[in-house]
1. Angle check, please: helix 368-377 long axis (alpha carbons) against the longest principal axis of the chain (alpha carbons), in degrees 0 to 90, nearest 10.
2. So for the chain, taking the charge dipole from beta-carbon charges (+1 Lys/Arg, -1 Asp/Glu), which of 378, 266, 38 sits furthest toward the positive end?
3. Loop only per DSSP, at most 15 neighbouring Cβ atoms within 10 Å: give me the chymotrypsin sites (Phe, Trp or Tyr not before Pro) in the stretch 1-91, ordered by residue number.
4. Once amide H atoms are built 1.01 Å from N in the peptide plane, which residues 5 or more positions from residue 156, or in another chain, come under 5 Å H to H?
5. Order these peptides, 414-423, 301-310, by their mean beta-carbon neighbour count within 10 angstrom, highest first.
6. Residue separation times 0.36 nm, minus the C-alpha to C-alpha distance between residue 208 and residue 412: what's the value?
7. Can you tell which of 19, 428, 159 lies farthest toward the positive end of the dipole of the chain, using +1 and -1 charges on the Cβ of basic and acidic side chains (Lys, Arg; Asp, Glu)?
8. So if we plug the beta-carbon distance of residue 292 and residue 79 into 1/(1 + (r/R0)^6) with R0 = 35 Å, what FRET efficiency do we get, rounded to 0.05?
Amino acid sequence: MTEREPLWGGRFGASPAEAFERLNASIPFDIRLAPYDIRGSIAHARMLGETGIVTQEESRELVHGLETVLAEVEAGEFSWTLADEDVHTAVERRLKELAGDVALKLHTGRSRNDQVALDLHLFCRDAAKEIREGLLAAMRAFVDVAEENRDVILPGYTHLQRAQPILLAHHFLAHFGAFRRDLRRFEAAGEAANVSPLGAAALGGTPHPVDPALTAADLGMEPLANSLDAVSDRDFALDLMYACAVLGVHLSKMGEEWVLWTSSEFGFAVLDDAYSSGSSIMPQKKNPDAFELMRGKAGRLIGNLNSLLITMKGLPPGYSKDLQEDKEPLFDAVDTVLAMLAVLPEMLRTARFDEGRMSDAAGGFALATELADFLAMGGIPFREAHHAVGRLVKRCEELGITLEELPEDELVAVHPALSELPRELLTPDGSVANKRSAGSTSPASVAAQLERAREFLDHTERPSAG
Ligand code: ARG
């Protein structure tokens with residue numbers, strides 16, 4: 001074997017063409033898998049020694065050499081070239097330089113097919129864990145901001161029309177609920193990733209007496225069940241990317257909401273300078289770029305998931321080089337989500353709310369449902385009550401006043417039962433306090449929701465298993 005020859009070079013008469021080498025190489029992007037690749041190789045080398053496939057001495061030399069390569073990677077001293085083709089080859093090449101000919105035995109009972117699958121499993125397991133931490137930090141921020149602004153009321157919207165007053169805390173708890181589901185999805189994705197494909201070799205297993213359970217246990221994983229499935233499966237990566245895409249959609253919705261809130265038209269919130277940017281031409285501008293990016297990046301997260309789904313579609317069982325296309329969208333999805341989660345908690349904690357603007361917007365016709373419900377609770381069929389209040393709103397519009405300003409005689413003219421109306425019902429506070437149903441925006445319900453949210457965070461142990 002010459003130095004420049006690819007590791008599969010035995011049957012080839014010529015070196016690869018440069019253009020082909022560039023197309024074929026994954027090392028420019030899969031080099032980030034090096035720590036996982038080496039960790040997997042260490043487990044494999046130990047197993048080779050335990051099972052007598054190599055001697056204990058050879059196994060120790062392999063492990064020692066691999067640890068040196070890992071130290072180089074961690075110190076940023078590991079160098080590679082396109083001729084290395086991929087991370088697996090680069091690590092093996094370096095191992096040979098450091099440990100000598102014993103390195104030629106490392107690949108016994110293994111193929112790059114089970115090796116690359118293992119690297120990706122390990123990457124996804126870690127990524128799911130890291131994203132989970134980011135989600136928990138954001139969820140803590142939701143709860144803290146909700147608690148700090150317990151009395152703040154804003155309009156809830158349907159069709160982006162003011163609908164009913166709600167507590168800002170209720171609003172944040174809605175985001176908490178969505179993130180809680182995201183958390184479950186990432187935990188499930190982390191579990192799906194926690195299977196070791198080592199022992200599958202190329203696709204059908206190996207005549208060497210390897211012990212897949214041993215390597216799996218070394219890595220804290222479950223062993224494979226079927227060698228062909230083990231090298232073909234990328235479902236775990238899809239699971240993670242689906243979780244990223246759904247989280248991306250949640251972040252995008254929040255982004256849109258904050259873009260509205262921070263506009264002069266809404267004026268509900270102001271971002272800290274540290275989380276906004278200016279315009280190069282309009283000196284007055286303070287832009288909510290981070291929230292716009294949260295809205296924008298949902299597209300690429302959905303695209304990344306789509307990209308891998310389409311790569312997988314129609315592939316026959318077994319390794320096909322198409323599978324090399326799994327990495328860039330996966331890495332991009334994880335990096336994108338982590339970058340957004342790194343910003344979100346502090347950005348929310350440092351934002352300021354304009355309580356006055358919010359509560360002004362929450363009054364007025366947003367209280368109309370309250371009136372209809374008041375009549376209906378007095379025995380008037382809801383449809384009739386709805387109609388009567390509709391007439392009131394029309395009357396207000398004619399008089400150019402709000403519901404709160406409507407004189408008693410106008411109220412009674414529309415429905416006699418309105419003579420009994422407690423006037424505080426026509427305030428945002430009264431409306432919110434009047435809610436009874438579980439999970440509602442009433443202060444009592446929101447306090448209970450906050451307590452459950454805190455309990456959930458306190459009982460969710462920070463690092464996940466595996
Ligand atoms: N670079 C390849 C990938 O990312 C590694 C596996 C190569 N396997 C093979 N049979 N050529 O998928």
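Only the coordinates and a few stated rules stand behind these numbers; no lab work does. From a predicted model like this one, the values you see are computed outputs, not experimental measurements. Cβ sites come from the backbone with ideal geometry, for glycine too, and all protein chains shown count toward neighbours.
1. So the inclination is approximately 70 degrees.
2. Going by the charge dipole, the pick is 378.
3. Those satisfying the criteria are 8, 12.
4. Amide H neighbours of residue 156, under 5 Å, 5+ apart: 163, 164, 166.
5. Top of the packing list down: 301-310, 414-423.
6. 64.3 nm
7. Highest projection toward the positive end goes to 159.
8. 0.35
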